[in-house]
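A short write-up of the structure that comes next.
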Amino acid sequence: MDEEINSWIRRTKFSHTICHRLDATRLSSIPITVQPRSIASAKTRPETGSLNSRTSLVVRQIVQNPSTNKQRVLSPLPKTKLSDTFKEARSSQRRFSTPHPQRKEHEKGIVSKLFLKDSRDKKAPSSAVKFNDKLKSRNRKDSAWSKYFDHSGRRVMSVETADEYTIDLSKLFLGLRFAHGAHSQLYHGIYRDEPVAVKMIRLPDDDENGDLATRLENQFSREVTLLSQLHHQNVVKFVGACRKPPVFCVVTEYLCEGSLRAYLHKLEHKSLNLQKLIALALDIARGMQYIHSQGVIHRDLKPENILINDKFRLKIADFGIACEEAYCDLLADDPGTYRWMAPEMIKRKSYGRKVDVYGFGLILWEMVAGTIPYEDMTPVQAAFAVVNKNMRPPIPGDCPPAMRALIEQCWSLQPEKRPEFWQLVKVLEQFESSVAHDGTLNLVQNSMFQCRKKGFLHWIQKLGSAHQNTSS
């Protein structure tokens, strides 16, 4: 008997079965009646009658003496230790996520009318007509994401794929979503006990002709291929990928400080001090110098795609529309972002890696001005002004002349007048030395003005050739 009791206690103590406890204090409100038939049957069946009488006696005692029948103490809630990666999700001051792009879906059709002259212009309005239908189905599509997760632990369900860079999905855990796009979601994650960022790309359900699905899948394949080949301290580290149509995921290292856009937004329209600005610009230029040396064009260089790690070093990210320079599709559907897009890209003319230098010039301007370019315009208006009026955002009056000249050279209308990134690295290193010397760019400006007649680009080329001779 004792052994039975002990066994029962053990099962009760360690069982995972969930039991609902009855609150004794509420029993007084429960009507308890004894049916006459049960009393009559008790006379004919002594055993049953004794059981009913005992039960009614116990219930009567509970009702009459609620104070002596105290409620059992509730078990404490389980305490789960969260890693540092997920602690910020519970804090009131979360990491600032990248602001939603202001560009509207229907503007794609408008831009096609303004700048494109090929036969695909006629297809643009149809995409705008379908936009409202896509909005209506967005909630339905979002709910469809849930079937790809194991809700008991937010673990990605295992999939079978033969891709070369497939990760072990049994070791990948997803946390909270911290950003999203039109067809993708970005999650915090843990992979092999290391924090990662997981980009989930979902093909649309309402893609009738399959064009968008094909484009998204191509972007996924291109991003995985390029990221797996790029290894540099100023380029985001690639971890792995998985493919399970209609969902694809790209896993990279997680950079806890967010994007350069988020950092500039926190400054609330305040410009960076010169030393900090040059240090950030050098990180971007060095990362882009390496990317171009590998024959790759980013095509969407902007603050949203530049991430910051815990040591406040910048890394280039998001290679979804990047391409190898030798195989870039010049007529690809809507590459880049209009505010940072070079004029030759907007007009769909032949272009090369100098489109990234144009975007870098606008990033420099943002760090000086403390705001986004063409803030009072829509993206389409900005693109139209750049192409038809050769418009550029006004550079603040307190910007040092050397920095002003560098920005203007980067966003020059003629691509051949824009410097290469290896030259930009040399110039910014000269800026860094000058600031370290006396806190200004006076030393650089004196050297530049000696070449005033031949122009700033000649000074950059002369500076680059001097460094090349020294290194050789």
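The values are calculated or read from the model by the stated rules, or taken from the named source; none is laboratory data. Bear in mind that the values here come from a model prediction, so they are computed numbers and not experimental data. No Cβ is skipped: glycine too gets one built from the backbone with ideal geometry, and neighbour counts run over all protein chains shown. SASA here: full protein model, heavy atoms, side chains in, ligands and nucleic acids out. Shrake-Rupley method; radii C 1.70, N 1.55, O 1.52, S 1.80 Å.
What dipole magnitude, in Debye to the nearest 20, does region 326-403 give about its Cα centre under +1 on Lys/Arg Cβ and -1 on Asp/Glu Cβ?
My answer is approximately 340 debye.
Test of understanding: what is the full-extension gain from H437 to Y327, defined as 0.36 nm times their sequence separation minus their Cα-Cα distance?
Between H437 and Y327, full extension yields an extra 35.1 nm.
Which pairs, out of K349/K417; K199/K244; K315/K462, put more than 19 Å between their alpha-carbon atoms?
Distance filter (> 19 Å) returns K315/K462.
Take E268, E375 and sort them by solvent-accessible surface of the protein heavy atoms, 1.4 Å probe, largest at the top.
The residues order as E268, E375, largest area first.
Work out, in µm²/s and without decimals, the Stokes-Einstein translational diffusion coefficient of region 157-249 at 10 °C, 1.306 mPa s, Rh from Kirkwood over C-alpha pairs.
This corresponds to a translational diffusion coefficient of 112 µm²/s.
For region 191-314, report the % of Cα-Cα distances exceeding 23 Å.
So the portion of pairs separated by more than 23 Å is 41 percent.
Quick one: Karplus J couplings for region 212-221, per residue in order, coefficients 6.51, -1.76, 1.60, θ = phi - 60°, nearest Hz, x for Gly and Pro?
5, 4, 5, 5, 5, 5, 5, 4, 4, 4
With N set to the residue count of region 282-419, report its C-alpha Rg divided by 2.2 N^0.38 Å to two decimal places.
Normalised by 2.2 N^0.38 Å, the Cα Rg of region 282-419 equals 1.01.
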